[in-house]
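Okay, structure first, notes after.
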Amino acid sequence: MEDGTSESLGYCADTDDYTAKQWDPREDCDVRQILDRIADKWSLLTIALLAGRTMRFTELRREIDGVSQRMLTRTLRHLERDGLVHRTVYPVVPPRVDYALTPLGASLHETIQALVTWTETHQREIAQAHTDYDTRVEIA
């Protein structure tokens, strides 16, 4: 076994100093799997919408433009399994199900909000970079 390699398949480096080498590129890395689930567009939008309020499935589906029923169901199940969303089923006819962020999900929302703020701050620079790139590529 290579020096510094963990015998645990799901283990990823855990240090206070962030470096690119800290990331484990293997598919079975727990951190990579979690990032794959929470960083997709449907999860980010769902977490953002649930911040501060409980919503029903139909409300979420109506608010998230372009999401299919199947994809939203899948997203909510993953978020619930990861402990980010709490699902409450009420014994009424027709069935009523509410979704809310857990404290863990709320803490993730703070990080997502920072990402959104960064994007809003730099969107013009990124748009200009797109224009510059497209101009260079057209010339070549």
Task: Approximate spin-label separation Met71-Asp40, in nm, with each point projected 7 Å along Cα-to-Cβ - done: 0.9 nm
Task: Theoretical FRET efficiency, 1/(1+(r/R0)^6), r = Cβ-Cβ of Thr121 and Val92, R0 35 Å, to 0.05 - done: 0.20
TODO: Measure of size requested: the Rg and Dmax of region 36-116, with Cα atoms as the atom set and Å as the unit; please supply both.
DONE: 12.1, 40
- [ ] Taking the Cβ of Ala39 as the centre, find all other residues whose Cβ is under 14 Å away and add up their charges (Lys, Arg: +1; Asp, Glu: -1).
- [x] 0
- [ ] Enumerate the amide H contacts of Val85 below 5 Å, restricted to partners 5 or more residues apart or on another chain; note that Pro and chain-start residues carry no placed amide H.
- [x] Glu80, Thr102
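With a sphere of radius 15 Å drawn around the Cβ of Tyr99, what net charge do the other residues whose Cβ falls strictly inside it have (Lys, Arg +1; Asp, Glu -1)? Write down the numbers at each step before the final one.
Numbers: positive: Arg53, Arg56, Arg61, Arg62, Arg74, Arg77, Arg81, Arg87, Arg96; negative: Glu59, Glu63, Glu80, Asp82, Asp98.
Here the charged neighbours net out to +4.
Net charge around Val89, counting only other residues with Cβ within less than 12 Å of its Cβ (Lys, Arg = +1; Asp, Glu = -1)?
On the way: positive: Arg56, Arg87, Arg96; negative: Glu80, Asp98.
Once positives and negatives cancel, what remains is +1.
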TODO: Apply the Karplus parameterisation 6.51 cos²θ - 1.76 cosθ + 1.60, with θ equal to phi minus 60°, to every residue of region 85-95 and state each ³J(HN,Hα) to the nearest whole Hz, in sequence, with x for glycine and proline.
DONE: 10, 10, 10, 10, 9, 9, x, 10, 10, x, x
Open item on the list: I'd like the Karplus ³J(HN,Hα) series for region 59-64: coefficients 6.51, -1.76, 1.60, θ = phi - 60°, whole numbers in Hz, and an x wherever there's a Gly or Pro.
Closed with: 5, 4, 4, 5, 7, 9
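Any read-out appearing in this document is the output of simple, stated calculations on the displayed coordinates, not a laboratory observation. Please read all numbers here as calculations on a predicted model, not as lab measurements. So basically every Cβ, Gly included, is an ideal-geometry build from the backbone, and we count neighbours across all protein chains shown.
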